[in-house]
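Asks: This is the structure, below, for whatever I ask next.
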Amino acid sequence: MASWVSLLLFLFCKSVVRAQEEFTSETPINNVVQDTQTGRIYLGAVNSIYQLGPSLQKQARAETGPKEDSRTCTPPASACQDTKPMPNLNKLLLVHPSNGTLIVCGSRYRGICSLLNLTNVEQQIYYLDTKGERTYVASIEDNVNVVGVMSTYKNEEDTFSVFVVGKGYGSADSTKLISTRILQDYGDWVVFESIIEASTVQTTPFAPKYLHDFRLAFKEGDFIYFLFSRTLDGTDNKNLTFVSRLCENDPHYYSHTELQLNCGPNNRYNKVQAAYVASPGKELARVLSGSSSMHGKVMSWDKVLFMVATEIFPFHGMHQYLNIIFHKSCGADFLPSPLASKPRFALKADAMWTTQGLLTAVAVAVENDHTVAFLGNSQGEVLKVELSSYLKIPGATIGEKVNKNLFLDLSQSHIYITTEKKVPVQTCLQQKDCQSCVELRDPYCGWCVLEGRCTRRSECRRAEEKNGWLWSPKHQCVKIISFHPPNLSCKKTQKVQSCFSSLSSLSSSLFLSFCSLLLFLSLSLALQNTNSLECGAKCPQFENPDPGLIPVGYKTRISFEGINLDLYQVKIIQCFVLFPSAVTLYNCSVGREDCSLCKNADTKYSCVWCAKQKACVYEKLCNPDQQGSEYPYNTDCPDPLITDIIPRFGPMQGGISITIKGSNLGIHRQDIKSITVAGEPCVHQEEKYSVSTSVVCEIGPIDPQTEHWGQVEVEVKGGKRGTSSMYFTYRNPRPEAVKPSRGPKAGGTLITISGLFLDTGSKGFLFSIIVIPTKAQFCFNSVSSFDIYLYSYMCFTVLCVFSGGRNIVVTGSGFDLIQTAVMEVRRDNMTAFEVRVSSICFTVPYDYQPSVQLSNVNLSLQGRGFSKAMTNKEAQAFVGDVPCLVNTLQDDKLFLDPPSTPPRSQKCHHNYPEPKIKFGKGEWVVGSVQYEKKNDLSLYIIIPAVIVPMLLIIAISVYCYRRKSQQAEREYEKVKHQLENLEESVRDRCKKEFTDLMIEMEDHTNELSEGRIPFLDYKTYTDRVFFLPSKDGANDVMITGKLDIPEARRATVTQALNQFSNLLNSKTFLINFIRTLERSHDFNARAKVYFASLLTVALHGKLEYYTDIMRTLLLELMGDYVHSKNPKLMLRRSETVVERMLCNWMSICLYQFLKDSAGEPLYKLFRAIKHQIEKGPVDARVKKAKYTLNDTGLLGDDVEYSVLTLQVLVQSEGPDVTSVKVLNCDTISQVKEKIIEQVYRNQPYSQRPKVDSVTLEWRPGSTGQILSDLDLTSQKEGRWKRINTLAHYNVRDNATLVLSRVLHTHQNYDQNQENHEERNALLEDDKVFHLVRPADELDEIKSKRGSIKDKSMTKAITEIYLTRLLSVKGTLQQFVDDFFRSVLCSGAVVPPAVKYFFDFLDEQALKHNNVDEETIHIWKTNSLPLRFWVNILKNPHFIFDVHVSEVVDASLSVIAQTFMDACTKSEHKLSRDSPSNKLLYAKEISTYKKMVDDYYKGIRQMVPVSDQDMNTHLAEVSRSHTDKLNTQVALHQLYQYASKYYDGIILSLEEDPAAQSKQLTLRLQQIAAALENKVTDL
């Protein structure tokens, strides 16, 4: 059975995933590429190359196999022996756009490639298989991967197009790992020849030892990169991942270098599966450029390698590593072998996101500055992961194993997915019996016992009862295990004992699905006769049950007519009573799967279609509330559903019948009103109509000028239509050849017609084949000729024995025309009979001779008729069972050469072998042959000589085996003991963590020192919210306020900017300005955000006008989303200027609310998190803490520490001493931070001294000692140097330290410079760590010691410490709840802007029919909580003058994520595999969700805020703060956009009548002349 492979085109929008197009190949797809110029998709599959359009419509197909080939064949195949049809796997597929060709390399003929036409792959441009090994490119091994990339090659005279190939090692492949292949004939070079010979990449000495698995080849800048994994050596199967680099213009591969890539702890993810190259986007670039990053500064436009299991490596980081390690560049000296980095120089990175199962594919897109990775896995899922926050977004379930071909279309809005099998989420209803249902092992599907159908649990009534809904693998179907007696007379009444399985509590209400049955009831009756009773003729009897029809699942009271009931009174007896009348149980759903079949049921069954249950049920089982109408018989059936079309191809002339299968296709044949096929009417054949399930119609001819394919549409009574998802295609068969082309005139020859589209029509549709005689030929559609040959009968006389079996050979001409040969045998006047022969059919008379008579004369046999009946070649002679040679055959004698020794296996006569003669089917045995006896003494010597050594070898083998077994048992006991030690270590740690948890849960942060809340002023607040996330950050011109304008032009520029401000206050101009920018392709998301922020500052003086512009643009945006998009996506991202304007508007309007209400609980939450984190150790290098809310930032080691109280004296600030609590494991920098935090706690962060500007001196006695993080006393542990801590200096509790500021004199500067250089030298010489040494170093030490008994060196199991998350959460819970209440409490003060905007959304939603409550909830969430509050919560430094460290930011991110989850309507299904951060607040999410719902409801019930009130509030904000902002700078920056898009703005204004009447074009031209210092005629 063919392996079906699908290529699907998916659209990913928010959490809605929809398969738009699908293409299915009959064979597995190996490679997929896209032409970036046309958007076409090319599929390299087994035995086929497909050309598809961007929407996956098939355009052309080229057949590439099966091919006659063998593994040892050297092309051309015509010269090979022992060939057989072999599949052709596509190994390499590359688009060569410059000359319009597709490079195709397969697994047949030693990996030779071909060139196909890009516009039509059915046209082969180049293929040649006679140039030998130099043109062998790919591999014939199925498991060897081949990658390639287009490039150029330059020699002294010309430049050529080439492609560079990376290939693993195959035993019968070419011996090059990497090769450059030319694409044209040049000099002695031929197409596909390897034009560079370099031992650097030869596989002969290298590849058999190191097995390479290439995954990706790509070009970036002047370099070509290969990503691959390989084994360590021939004895170790462990893989390591490498990236190799090669200069594109290197003619000798001298620049080929390799760099090992380590992903995850201890290089856990050591084998690359797939990779993708893309830009990281702004947010991910920011994460990669963090202070703890090893990649340095990463820009959003840099290229990044994304590798699964997903890891990323910035290119410039690779360049630095490669250049530092190898000191080589293009054109370096000759290298004899691949230059590989040593493991200690490996480029290391943490796994960004991990998941269970095998990731098989990756594609990356950047949306709104955020990087989204699409990850395919072996379970058929396509996962979406937002990489800057590592947030998993709902994706799609496609089927089985997504392979490596995963990429985005040219518009970046769709993704192409290749998978091996497409499977829907659940197909329960397709299973018609219990066994097939439970064998699915699908959690969606189970067997509903009472309803007798395969359903989801939610669709099965009484599913909660035991065994009411059976699901694999624990449950079994209801079965009758046994019954007794096995048979019973129909006239006899007797109890039948039956044993059922899986009945349990349902036994009292079990309904058997027989159409009618006899009921046997065991009754306990109260009888009135005091006499004894014998059950027999006087037993009570019941007749005439009413009703006789009983629906399944509905309790029905049955009345009977009784006999002999008045004979008995009080006594309780038990009888078995026979009901002779039949009672019929029926189930409406059986055989009536859809509405139309249900309505067609006989009215006596009272079956109705219940819309809510989507099933046919008894009328009283359908609740009218569920039905949606008062009378269930009034229910309209759903639209017709078409599931299949047979056939799917028909001739252009029509005239064939097609069968349309589906459901709800009417109740009566008259219900079918019209049928169209590909837009053409189709005549309904009423006599072939099947109720609801099948319609047959006859298609007519189609106009050749119209579209030849389309969907099938059926219209039924009531105007309801059903349209097929599959297509019907008109096409004519195209016969191309006839075999055989000749035959006898008598006829009877079977001919085979081959061509294209011969499967057009159904099996019952017959083509008319007309054969026209023309010059002794018959022509079939003028394609091939069918010649007529005549021959005469010939007679021969052949002699044979009566027993038959002789081979007869007849020579002649014209026999090749005969397909079935039969020979007719005659003798004299006997009746002829036919005998099948191997090649021909003819008549030959036979003359039989009597059987041969033989006598025994030694080795010669005498008789008669030998030469007439046979030849010496036909005769066979045997002595016993051993054949012997027939030397001479005469008419009366036969001479034989017997075997030299007597045969071993024989039929003997008096113990002598018998000679035997065979001819044909006859066999004769004559006499016997006597041999002389030989001495067998040698056997007595040979047998012991063989047996004795064998016994000795067996004894030695048994001994060695027992010794090995004992050694293995000792090793097992040793490992068992080590595991017990490890288990004891884990148990001790768990106990300790549990004890810490119980102590910490009772500890409350009473020591929280609030101090004065350091709110930022309005200008700093807006600068940070609007412009700090920009690409220049704190150096942005809007924050610095510095414009480089010459003094001589300052007045002119100021006047022109004021005129530009007046122009912006024209609504006509501003709307045209914004629309022109948004229509420009290079006006990206970053520019939109920055432009909106500039506009907010420029119009801050007239916020009411700014609000009006925002409302106008929002109405346009809302109309676009409601009418042409999913309305739930509106306001989700800042994809337009107005969405960022809304964010800024909320930030302005809620500033005062932050200061008055929400700021205090937010600041307390921030301080509480900071305090709680600093209570425990914080690793200064890896930025992980013992106490945190984020599991990725959790310090997974047991660090011993103690709390110290230091007495700190600040130099030059008086004699006062400040007590500061620190940890003895803190670094000196951490101690300085805590001292500065405590000493200057009443000052904002920006006014405090920085850590680098102060020194710390310890004075244990008369002398002092300067404390620093690194100095000459720092401890070294191997190659690692530990950062100094208080414990290193042995600082005790209550020690006195002096904090002094660094004086920037020349002497001090020199001294500090020396210290700085010394510190840098220390950092360069040794690797530095604080609390935790990297895991790979620990493993190295552990391997050297050869034992795991040392508990201090045992690798920590991070999950043990997850209890700390609960500890921190419990301590901070009150602060989190206080902040949520301050934000989500409608009973307190609600900012008027929130009420005003929410009412605006409610008002607009009422104007659109397709906007429901859930959509309104999403709009409100996107506009306020997600757009403003999450931003402030994750960035407290936007509103407070504080410093947010990385460890604090990690915990804030968890709370922000919880806040986001609380605002969504979707339910979060959690499991054991869910992230710890999700599980941490899982219990509180429902409470927070209710707070959000109540908040939105409370705001809706508040008194509306009028436009006048809102404008008054906005005017007050403008008046209070506008003069503090850099308005002139904002206007100047805005004009830069007007200048850049000047022509488009002018054109837009000239096309707007309102702009023309206001002369806006002229005003803009005047401003441009003044600002750009141009002399114009204006």
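Asks: Return only the number of the condition from (1) open to solvent by 20 Å² or more (accessible area, probe 1.4 Å); (2) in a helix (DSSP H, G or I) that residue 1145 does not satisfy.
Replies: Single failed check for residue 1145: (1).
Asks: While we're on this one: Within region 1047-1054, can one find any residue that is at pLDDT 80 or above, of a type in the set (A, V, I, L, M, F, W, C) and open to solvent by 60 Å² or more (accessible area, probe 1.4 Å)?
Replies: yes
Asks: If you don't mind, another one. Between a first residue in region 709-727 that is without any contact (Cβ under 8 Å) to a residue 40 or more places away in the chain and a second residue that is outside any strand (DSSP E or B), which pairs have beta carbons less than 6 Å apart while being 6 or more apart in sequence or on different chains?
Replies: Correct list of pairs: 709/678; 710/678; 710/679.
Asks: So, of the residues in region 1551-1578 that are among the acidic types (Asp, Glu) and open to solvent by 90 Å² or more (accessible area, probe 1.4 Å), which turns out to be modelled with the highest pLDDT? Reasoning before the result, please.
Replies: Our first condition is that a residue be among the acidic types (Asp, Glu); within region 1551-1578, this holds for 1551-1552, 1572, 1577.
Subsequent filtering for residues that are open to solvent by 90 Å² or more (accessible area, probe 1.4 Å) retains 1551, 1577.
Values: 1551: 91, 1577: 41.
My answer is 1551.
Asks: Would you check if residue 986 is at pLDDT 60 or above, of a type outside the set (Lys, Arg) and either open to solvent by 100 Å² or more (accessible area, probe 1.4 Å) or under 47 Å from the mean Cα position of the chain (by Cα) (or both)? Walk me through it before giving the result.
Replies: On the way: at pLDDT 60 or above: no; of a type outside the set (Lys, Arg): yes; either open to solvent by 100 Å² or more (accessible area, probe 1.4 Å) or under 47 Å from the mean Cα position of the chain (by Cα) (or both): yes.
So residue 986 fails the test.
Asks: Separate question: Any residue at all in region 1108-1119 that is modelled with pLDDT of 90 or more and over 42 Å from the mean Cα position of the chain (by Cα)?
Replies: Checked region 1108-1119: at least one residue is modelled with pLDDT of 90 or more and over 42 Å from the mean Cα position of the chain (by Cα).
For every residue, the table says whether it meets (1) closer than 26 Å to residue 1014 by Cα; (2) part of a loop (DSSP other than H, G, I, E, B); (3) aromatic (Phe, Trp, Tyr); (4) modelled with pLDDT under 90.
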position: 1196; (1), (2), (3), (4): no, yes, no, yes
position: 1206; (1), (2), (3), (4): no, no, no, no
position: 1225; (1), (2), (3), (4): no, yes, no, no
position: 1229; (1), (2), (3), (4): yes, no, no, no
position: 1235; (1), (2), (3), (4): yes, no, no, no
position: 1260; (1), (2), (3), (4): no, yes, no, yes
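Asks: One residue is enough: does region 1022-1032 have a residue meeting the conditions among the charged types (D, E, K, R), in a helix (DSSP H, G or I), modelled with pLDDT of 80 or more and in contact with a helix residue (DSSP H, G or I) (Cβ under 8 Å, 6 or more places away or on another chain)?
Replies: Applying the first criterion (among the charged types (D, E, K, R)) to region 1022-1032 yields 1023-1024, 1031-1032.
Okay, now just the ones that are also in a helix (DSSP H, G or I), so 1023-1024.
Imposing the further condition that a residue be modelled with pLDDT of 80 or more reduces the set to 1023-1024.
Keeping just the survivors that are in contact with a helix residue (DSSP H, G or I) (Cβ under 8 Å, 6 or more places away or on another chain) gives 1023-1024.
Yes, the conditions are met somewhere in region 1022-1032.
Asks: How many residues are surrounded by 16 or more Cβ atoms within 10 Å (Cβ to Cβ) and in contact with a Lys or Arg (Cβ under 7 Å, 6 or more places away or on another chain) if we restrict to region 452-487?
Replies: 4
Asks: Name every residue in region 1403-1425 that is surrounded by 15 or more Cβ atoms within 10 Å (Cβ to Cβ) and among the charged types (D, E, K, R), in order of residue number.
Replies: Hit for region 1403-1425 is 1420, nothing else.
Asks: I'd like to check something: does region 40-63 contain any residue that is open to solvent by less than 50 Å² (accessible area, probe 1.4 Å), modelled with pLDDT under 90 and in a strand (DSSP E or B)?
Replies: No: region 40-63 contains no residue that is open to solvent by less than 50 Å² (accessible area, probe 1.4 Å), modelled with pLDDT under 90 and in a strand (DSSP E or B).
Asks: Give me a count of the residues in region 1518-1532 that are touching a Phe, Trp or Tyr at 6+ places or on another chain (Cβ under 8 Å) and either modelled with pLDDT of 90 or more or closer than 23 Å to residue 1056 by Cα (or both).
Replies: 2
To keep it simple, each residue is scored yes or no on (1) open to solvent by 30 Å² or more (accessible area, probe 1.4 Å); (2) in a loop (DSSP other than H, G, I, E, B); (3) in contact with a Lys or Arg (Cβ under 6 Å, 6 or more places away or on another chain).
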{"position": "103", "(1), (2), (3)": "no, no, no"}
{"position": "110", "(1), (2), (3)": "yes, no, no"}
{"position": "116", "(1), (2), (3)": "no, no, no"}
{"position": "119", "(1), (2), (3)": "yes, yes, no"}
{"position": "122", "(1), (2), (3)": "yes, yes, no"}
{"position": "149", "(1), (2), (3)": "no, no, yes"}
{"position": "164", "(1), (2), (3)": "no, no, no"}
{"position": "171", "(1), (2), (3)": "yes, yes, no"}
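Asks: Something else about it: Restricting to region 1426-1447, give me the number of residues that are in contact with a Pro (Cβ under 7 Å, 6 or more places away or on another chain) and either surrounded by fewer than 18 Cβ atoms within 10 Å (Cβ to Cβ) or not β-branched (Val, Ile, Thr) (or both).
Replies: Applying the first criterion (in contact with a Pro (Cβ under 7 Å, 6 or more places away or on another chain)) to region 1426-1447 yields 1440-1442, 1444.
Restricting the remaining residues to those that are either surrounded by fewer than 18 Cβ atoms within 10 Å (Cβ to Cβ) or not β-branched (Val, Ile, Thr) (or both) gives 1440-1441.
Residues that pass the stated criteria total 2.
Asks: Would you mind telling me which numbered condition in (1) of a type in the set (Ser, Thr, Tyr); (2) assigned to a strand (DSSP E or B); (3) open to solvent by less than 40 Å² (accessible area, probe 1.4 Å) residue 643 fails?
Replies: Only one criterion is unmet by residue 643, namely (3).
Asks: Then there's this: Taking helices (runs of 4 or more DSSP H) that fall entirely within region 1444-1518, which contain at least 1 residues that are in contact with a Ser or Thr (Cβ under 6 Å, 6 or more places away or on another chain)? Spell out the reasoning first.
Replies: On the way: elements: 1446-1463, 1476-1480, 1482-1501.
Here the list reads 1446-1463, 1482-1501.
Asks: Related question: Quickly run through region 1036-1064 and pick out the residues that are under 17 Å from residue 1537 (Cβ atoms) and free of Cβ contacts under 8 Å to residues at least 60 places away in the same chain. Don't jump to the end; show me each part of the working.
Replies: Residues of region 1036-1064 under 17 Å from residue 1537 (Cβ atoms): 1036-1038, 1043, 1053, 1056-1057, 1059-1061, 1063-1064.
Selection gives 1036 alone.
Asks: On to the next question. Given region 670-759, what strands (runs of 3 or more DSSP E) lie entirely inside it while holding 2 or more residues that are among the β-branched types (Val, Ile, Thr)?
Replies: On the way: elements: 672-677, 680-684, 694-699, 709-716, 721-730, 734-739, 742-744, 752-756.
Passing ranges, in order: 672-677, 694-699, 709-716, 721-730, 752-756.
Asks: Restricting to region 354-385, name every residue that is of a type in the set (Asp, Glu), on the phi < 0 side of the Ramachandran plot and not in a strand (DSSP E or B). Walk me through it before giving the result.
Replies: Start the filter on region 354-385 by keeping residues that are of a type in the set (Asp, Glu), which leaves 367, 369, 381.
Next cut, on the phi < 0 side of the Ramachandran plot only: 367, 381.
Correct list: empty.
Asks: Regarding region 1179-1192, can at least one residue be identified that is open to solvent by 10 Å² or more (accessible area, probe 1.4 Å), in a helix (DSSP H, G or I) and of a type in the set (Val, Ile, Thr)?
Replies: yes
Asks: Which residues, counting only those in region 1090-1114, are of a type in the set (Val, Ile, Thr) and either in contact with an Asp or Glu (Cβ under 6 Å, 6 or more places away or on another chain) or in contact (Cβ under 8 Å) with a residue 60 or more places away in the chain (or both)? Step through it out loud before you land on a result.
Replies: Narrowing region 1090-1114 to residues of a type in the set (Val, Ile, Thr): 1096-1097, 1107, 1109, 1112.
Within region 1090-1114, 1096, 1097, 1107 meet the criteria.
Asks: Here's a follow-up. I'd like the full set of residues that are aliphatic (A, V, I, L, M) and touching a helix residue (DSSP H, G or I) at 6+ places or on another chain (Cβ under 7 Å), limited to region 689-725.
Replies: If the condition is that a residue be aliphatic (A, V, I, L, M) and touching a helix residue (DSSP H, G or I) at 6+ places or on another chain (Cβ under 7 Å), then 691, 696, 716 are the ones that fit.
Asks: Does residue 273 count as at pLDDT 85 or above and touching a Pro at 6+ places or on another chain (Cβ under 9 Å)?
Replies: Numbers: at pLDDT 85 or above: yes; touching a Pro at 6+ places or on another chain (Cβ under 9 Å): no.
No: the conditions fail for residue 273.
The values are calculated or read from the model by the stated rules, or taken from the named source; none is laboratory data. Please read all numbers here as calculations on a predicted model, not as lab measurements. Cβ coordinates were reconstructed from backbone atoms using ideal geometry, including for glycine residues, and neighbour counts include every protein chain displayed. These area figures cover heavy atoms from the full protein model, side chains too; ligands, DNA and RNA do not enter into them. Shrake-Rupley method; radii C 1.70, N 1.55, O 1.52, S 1.80 Å.
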